[in-house]
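Heads up: the structure comes next, in structure tokens.
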Amino acid sequence: MNRTPYQLAFGLLLFLSFVFYACPPSSGGGAVDEPTVDFKNRDNTLRVRLAAEPDRLNPFLTTSAYARSIYEQLFLPLLETNKKDFSFRPALAVGRPEIQDVTEGPFAGGVSYTYELVESATFSDGHPVEVEDVIYTFKAPFNQNIAEAIHIRASLDMVADVYADPANDRRFTVVTDRKYILTEDAISTTFIFPEHVFDPEGQLRSYSLANLKDEEVDQTEDATLVALAEQFLSAPFSRSPEKLIGAGPYVLRDWEDGQYITMARNPDWWVDKQPENRPELHAYPDSLVFRIITDQVTAIGAMKSELVDLIPTIDATTFVEERQNEYLQERFTFETPSTFNLFYLALNNRDPLLEDKRVRRALAHVLDVESIIELAYAGLGTRLNGPTSPRKPTYNSDLAPIEKDLELAQELLAAAGWEDTNGDGVRDQLIDGERREMELELLYPPGTQFGEALANVMKDGAEQAGVAVSLVPRGMRAMLGEDVASRDYQMYAGASGGYHQLDDYFSLWHTSSHTARGQNRWQFGNAQTDALIEEINRTLDEERRMALYHQFQEIVYDEQPIIFLLSPQERIAISKRFTGGAGLEVTPNYDVRDFQVRNLE
């Protein structure tokens, strides 16, 4: 099971410096003085370029990374992650939960998390946020008829019960049936839905969480659950301003397919009415416009025309070129925050040509990773040594990234029995009575700078070591959905999105994920690594967990089941009309609420 938490936002320890200014929340943000360029726009509207249109804005249903920066303005979780230092900060809950081990009863061995809701919190329609909304939220994804919520069910799988405090109608407890390192993250950062909108008759109240999680119960035969699921999945509950009601600072105004999504700051946002004027929650822009511009050239044109104020994920070569543009230098700042994303060369560990770790290590030594970083990202990237981001404190810095060394690569291949016996320039070996040439196929997505760079650098280096590499361009959908899913591949260009939270290696590295739908696509692992992964996930002691993380990374480093390459930097341009809000390591590397318009008078 994929246990990666749904709240997947994102980033750790370092961020590029910006100047943040205090500003009364009730005003929607004050102005910061810096009269410079005569900008075309002088309002307090932040215009953001989206490289793709979201599929929907329901946090439990969307699969689009582009939806997050929008729906997190509509909904709030119990606790937010501070996008600069990754600490928890109060949102709908007054603070972090009271945490206790469960020592008796049906959930002995688990943990209880008790929260208290902020007294004044309301949804954008004025309805108060209540404990029943929280209970509904944790039950809703376990309606098995909502197939699209499977990732939420996976992240909250450890939750066994949620119940209200009979003595305090603002307090509630979430109980888990086991210890898990990411439980507090998963619970605290789940976005809270209004029960009165999504289940106005309170029908889900008659179902216990245990009943909903019972896999023996066929929920497709339950008319109530089927009807609730159909409503939850219907278009209005994913894109309509009347149904997408949350407790966040903005409300949805308009969604023009293929063009834009607009939002307005809620003039009655409950945070503005708090007498303590909570500084940890703020929202400075009066309105937000997300312009859907899929083409890179068009996006740069919109930037030059000042149709957008914020342009993330600019093509690296274009980014380096445009930040030298004098006109744009006057109007935009260019930021390159680090990310937690990991790029690698995946290897099929069960292929006869790749099952020897000396061969896999040799292939790592034929790669000039610095050239890949330069070709694909104009030098804007960091080397990797394993499955953990260098930005994380759990990263094992004692393991040096593997450098290109053709002589050592040749020695390793020879030690593994690969010699050029027929003088054709390609190493060969007798395997199961058949003479096999060391010929490998590399699948890569054509037209992508990373895919093209990796393919060319790999082919060149491998051939110098006596390994023939055939380059096979494949679209991502076909490559992952067909070749990789069936394990009918030898090598492919891969990447995974990273987050600031502690790593849960289960989905990518446990042997139980060796299935067609599983994420362990390289088919690596054994009883020792499985045991390490399981122990990491239940070890709450930080010092012990750190030692386990390092041990696992050392094994992966020694075995080289895949070749870790780089973590690219993000490329963002921000209009100098604003200060703050960008340069963050947390995906999407900006926070629209933090942008403050400058005083341009």
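Worth a mention:
- Charge dipole (the chain, unit charges on Cβ, about Cα centre) - positive-most of Asn58, Thr262, Ser397: Thr262
- Taking 0.36 nm per residue of separation and subtracting the Cα-Cα distance, full extension of the segment from Glu441 to Arg350 would add 31.3 nm.
- Structural descriptor for the range 176-255: relative contact order 27 percent, calculated from alpha carbon pairs under 8 angstrom and at least 6 residues apart.
- Cβ-Cβ FRET estimate between Ser371 and Glu280, R0 fixed at 45 Å, reported to 0.05: 0.55
- Base-10 log of normalised Debye intensity for the chain (one unit scatterer per alpha-carbon) at q = 0.07 Å⁻¹: -0.47
- Taking every Cα-Cα distance in the range 242-297 and sorting them into 5 Å bins from zero, the calculated P(r) comes out as 4, 17, 22, 20, 15, 10, 6, 4, 1, 0 percent.
- Accessible surface for Asp420 stands near 60 Å², nearest 10, in the context of the full protein assembly shown (1.4 Å probe).
- Accessible surface of the chain, 1.4 Å probe, proportion on carbon and sulfur as whole %: 47 percent
- Distance from the C-alpha centroid of the range 548-568 to that of the range 57-103: 30 Å, rounded to the whole angstrom.
- 222 nm mean residue ellipticity, helices alone, for the chain (DSSP H n ≥ 4; -39,500 (n - 2.57); rounded to 500): -7000 deg cm²/dmol
- Computed E for Asn168/Leu540 - FRET, C-beta separation, R0 30 angstrom, nearest 0.05: 0.65
- Modelled FRET efficiency - R0 56 Å, Asn211 with Gln296, Cβ distances, 0.05 increments: 0.65
- Between Gln203 and Arg89, the modelled labels are 4.0 nm apart [label points 7 Å from Cα along Cα→Cβ].
- Within the same chain, lysines fewer than 8 places from Lys139 are excluded, and of the rest, those with a Cα less than 16 Å from its Cα are Lys213.
- Contour excess over end-to-end distance, with Cα ends at Lys357 and Asn526 and 0.36 nm allotted per residue: 59.4 nm
- Accessible area (Å², per residue) of the chain, counting only protein heavy atoms and a probe of 1.4 Å: 40 Å²
- Computed with every protein chain present, the accessible area of Leu412 is close to 30 Å² [probe 1.4 Å].
- Measure of compaction for the range 177-243 (Cα Rg per 2.2 N^0.38 Å): 1.34
- Relative contact order of the chain, defined on C-alpha pairs under 8 angstrom at six or more residues apart (%): 23 percent
- At full extension, Asp218 and Glu407 could sit 62.0 nm farther apart than now, given 0.36 nm per residue minus the alpha carbon distance.
- Compactness relative to 2.2 N^0.38 Å, alpha carbon Rg of the range 506-588: 1.53
- Three-way shape label, the range 425-579, alpha-carbon gyration tensor, a/c 1.5: oblate
- Given charges at beta-carbon only (K, R positive; D, E negative), |dipole| of the chain in Debye: 1000 debye
- Column: log10 I(q)/I(0), Debye, Cα scatterers of the range 389-513, q = 0.20 Å⁻¹: -1.26
- 24 Å Cα-Cα reach of Lys404 towards lysines, excluding residues that sit fewer than 8 places from it in its own chain: Lys357, Lys459
- Environment charge of Thr515, counting only residues whose C-beta is closer than 14 Å and scoring Lys/Arg +1, Asp/Glu -1: +4
The values are calculated or read from the model by the stated rules, or taken from the named source; none is laboratory data. Every value quoted in this text rests on a predicted model; they were computed, and no experiment measured them. Note that each Cβ is placed from the backbone with ideal geometry, even for glycine, and that neighbours are counted across all protein chains shown. Only protein heavy atoms, including side chains, enter the accessible area calculation; ligands, DNA and RNA are left aside. Shrake-Rupley method; radii C 1.70, N 1.55, O 1.52, S 1.80 Å.
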